1. I'd like to check which strands (runs of 3 or more DSSP E) are fully inside segment 45-145 and have at least 1 residues that are among the β-branched types (V, I, T).
2. If F116 satisfies every condition in (1) out of contact with any strand residue (DSSP E or B) (no Cβ under 9 Å at 6 or more places or on another chain); (2) over 20 Å from L139 (Cα atoms) but one, which is the exception?
3. For A213, state whether it is modelled with pLDDT of 95 or more and part of a helix (DSSP H, G or I).
4. When segment 24-37 is examined, which residues are found to be outside any helix (DSSP H, G or I) and in contact (Cβ under 8 Å) with a residue 24 or more places away in the chain?
5. With the structure loaded, tell me whether I49 is touching a Lys or Arg at 6+ places or on another chain (Cβ under 6 Å), surrounded by 17 or more Cβ atoms within 10 Å (Cβ to Cβ) and touching a residue at least 12 places away in the same chain (Cβ under 8 Å) or whether it fails that test.
6. Filter segment 83-110 down to the residues that are of a type in the set (A, V, I, L, M) and either more than 16 Å from the chain's Cα centre (by Cα) or modelled with pLDDT under 95 (or both), then identify the one that is nearest to V184 (Cα to Cα).
7. Give me the pairs: first residue in segment 76-97 and closer than 15 Å to Y208 by Cβ and among the hydrophobic types (A, V, I, L, M, F, W, C), second residue at pLDDT 95 or above and part of a helix (DSSP H, G or I), beta-carbon distance under 6 Å, and six or more apart or on different chains, which are they?
8. How about segment 47-82: which of its residues are within 23 Å of T187 (Cβ to Cβ) and of a type in the set (A, V, I, L, M)?
Amino acid sequence: MTSVLDIIFPKYNRDFFSISEYLSTEEITSLHSKFKPLSTKYRKYISGIFVASRYSNELILDLLNRVKFDGEYAISESFAELIYQKIFVDCDVFVPDPDVIIPVASDPERLLERGFSLPHLIAKHLSKKLPKTQLEDILKKKYSTPQQSTLEKKERLKNLTNLFEIIEKPSFTDKDILWLIDDVTSTGTTLYQNAKVLKKAYPFLQIYCIVVAGN
């Protein structure tokens with residue numbers, strides 16, 4: 001069934017204009033996923049960072065740019081499908097099933113500009129595919145900062161320090177595995193700072209960071 005969004009934003013990718021989704025099953029299968037290596041510092045708060053695709057992939061990069069700069073937010077559902085298929089269908093690497101799904105905190109200024117948060121949309125779509133999970137939107141970024149991609153590595157580490165907080169604290173006493181969702185990671189600083197806040201509040205949780213693309 002064709003929706004209004006399909007008319008405004010026809011589903012296509014940079015290679016095919018005739019597919020019914022932004023990513024075909026064959027294209028998802030061809031992408032390479034992995035766990036990023038973690039330093040001792042990161043392992044204190046994060047059990048693993050799963051990257052569904054390399055950021056250098058031109059197809060994924062094009063779709064990410066269309067979401068962020070053209071407002072084509074329906075692509076978020078295909079990103080959720082990409083993550084789901086790589087973990088539960090292709091089984092490239094083992095990632096424990098989540099009890100809780102939480103998106104990283106939105107930057108206030110960019111949320112206002114775009115009207116949506118891509119990690120939040122991906123988390124929402126993933127939770128629908130995993131009905132036994134608990135979706136929570138409890139992280140807040142205190143104020144806006146320059147985009148991580150515009151900064152050098154040392155600046156990135158300082159840019160997000162002590163900027164995140166939990167705005168409400170639901171009970172997770174019977175939960176074990178938390179998926180922290182983001183769209184892109186490079187140094188992992190955003191994931192680290194969000195995970196640090198969560199781990200201090202819920203030290204018993206194993207936190208797996210799940211992202212669409214990374215290096």
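1. The qualifying strands (runs of 3 or more DSSP E) are 48-54, 100-103.
2. Unmet for F116, out of (1) out of contact with any strand residue (DSSP E or B) (no Cβ under 9 Å at 6 or more places or on another chain); (2) over 20 Å from L139 (Cα atoms): (2).
3. no
4. To start, the set of residues in segment 24-37 that are outside any helix (DSSP H, G or I) comprises 24, 31-37.
Hits for segment 24-37 are L31, H32, S33, K34, F35, K36.
5. In short, yes.
6. Across segment 83-110, the extreme among qualifying residues is V93.
7. Close Cβ pairs (under 6 Å, with a partner that is at pLDDT 95 or above and part of a helix (DSSP H, G or I)) amount to V95/I87.
8. I49, V51, A52, I60, L61, L63, L64, V67, L82
The values are calculated or read from the model by the stated rules, or taken from the named source; none is laboratory data. It should be emphasised that the depicted structure is a prediction, and the values quoted were computed from it without experimental measurement. For neighbour counting, all protein chains shown are included, and Cβ atoms are generated from backbone atoms with ideal geometry for every residue, glycine included.
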